[in-house]
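In what follows, a structure is listed as structure tokens, so that the remarks can point back to it.
The values are calculated or read from the model by the stated rules, or taken from the named source; none is laboratory data. In this text, all values refer to a predicted model and were calculated from it rather than measured experimentally. Glycine also receives a Cβ, built like all others from the backbone with ideal geometry; neighbour counts cover every protein chain displayed. Quick note on the areas: whole protein, heavy atoms, side chains included, nothing else; ligands and nucleic acids left out. Shrake-Rupley method; radii C 1.70, N 1.55, O 1.52, S 1.80 Å.
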Amino acid sequence: MTSRPDQDSAQPLVGVLGGVGPLATAYFLQLLVELTEAERDQDHVDAVVLNHATIPDRTDFILGRSDADPGPVLARDAQRLERFGADFLVMPCNTAHYFTQQVLDAIRVPFVSIIDTTVDAARERVPGLRAVGLLATAGTAASGVYQDAFARHDVDALVPDEADQALVSQIIYAQVKAGRPVDIETFRAVAGRLVDRGAQVIVLGCTELSVVAVDHDLLADPLYLDSTDQLARATIRRAGHRVRER
């Protein structure tokens, strides 16, 4: 492993596999700052970010719409961060966790999963949790990463029907990623239909939806659980810092 420039520092260096997408990565970094209990610059988390925006689209590959495999690219990026000296890695993208095993096979440092972190937080929020609603990309929904993770704890992960998933995808791609205003009433309506089906928590399993959460103050409602928010908190703790409660 290549030595980091400040190797004598005892503070862990976080490696962020970013750019998937760029706005979500920027929001994750903002959360790292806002949620760290700090009184001066030196109290914050040390991080190195690889904002690789040109990684092939994760959803297109998972759904068979493209043969450009993001997995090897993510694995190489993880190795680059490890060589720089990162002590552990995080990836603020839910869909990209479909390729987690390729990343794990490429590195020796620990990897903090946004999926596992969010599952743990949902179970802590609702004791005896039976069902959650998942709002995410079509790729994340089709990959089963959340369904499998929740199933290990006997929790059902409910996904929108085809029509509602199309609405969620429009919010993610045509609105958030494109920098356009979000149709928040449509968003709330889709979430409401998952609640009607039995969801006790609505998991925002897409980092673009995390942007929606902060722009519309969704996290003031305990119904919503934001995966990026939870990953930021887990990253802060793993780096040896304390989380500042909002």
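Listed values, structure above:
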{"item": "Candidates 84, 61, 28 - the one that is closer than 17 Å to residue 207 by Cα and of a type outside the set (S, T, N, Q)", "result": "28"}
{"item": "Count - residues of segment 98-114 that are open to solvent by less than 10 Å² (accessible area, probe 1.4 Å) and within 16 Å of residue 206 (Cβ to Cβ)", "result": "2"}
{"item": "Residue in segment 168-182 that is in contact (Cβ under 8 Å) with a residue 24 or more places away in the chain and more than 25 Å from residue 22 (Cβ to Cβ) present", "result": "no"}
{"item": "Residue in segment 167-190 that is of a type in the set (Lys, Arg), under 18 Å from residue 223 (Cβ atoms) and under 21 Å from the mean Cα position of the chain (by Cα) present", "result": "yes"}
{"item": "Helices (runs of 4 or more DSSP H) wholly inside segment 148-216 containing at least 2 residues that are over 22 Å from residue 125 (Cα atoms), of a type in the set (A, V, I, L, M, F, W, C) and touching a Gly at 6+ places or on another chain (Cβ under 9 Å)", "result": "none"}
{"item": "Looking only at segment 116-128, and only at residues there that are touching a residue at least 40 places away in the same chain (Cβ under 8 Å) and of a type in the set (A, V, I, L, M, F, W, C), the one that is most open to solvent (accessible area, probe 1.4 Å)", "result": "126"}
{"item": "Top-ranked residue of segment 38-87 - restricted to ones that are among the basic types (Lys, Arg) and open to solvent by 40 Å² or more (accessible area, probe 1.4 Å), ranked as farthest from residue 140 (Cα to Cα)", "result": "40"}
{"item": "Residue ID - least open to solvent (accessible area, probe 1.4 Å), chosen from residues in segment 129-176 that are small (Gly, Ala, Ser) and touching a Ser or Thr at 6+ places or on another chain (Cβ under 6 Å)", "result": "139"}
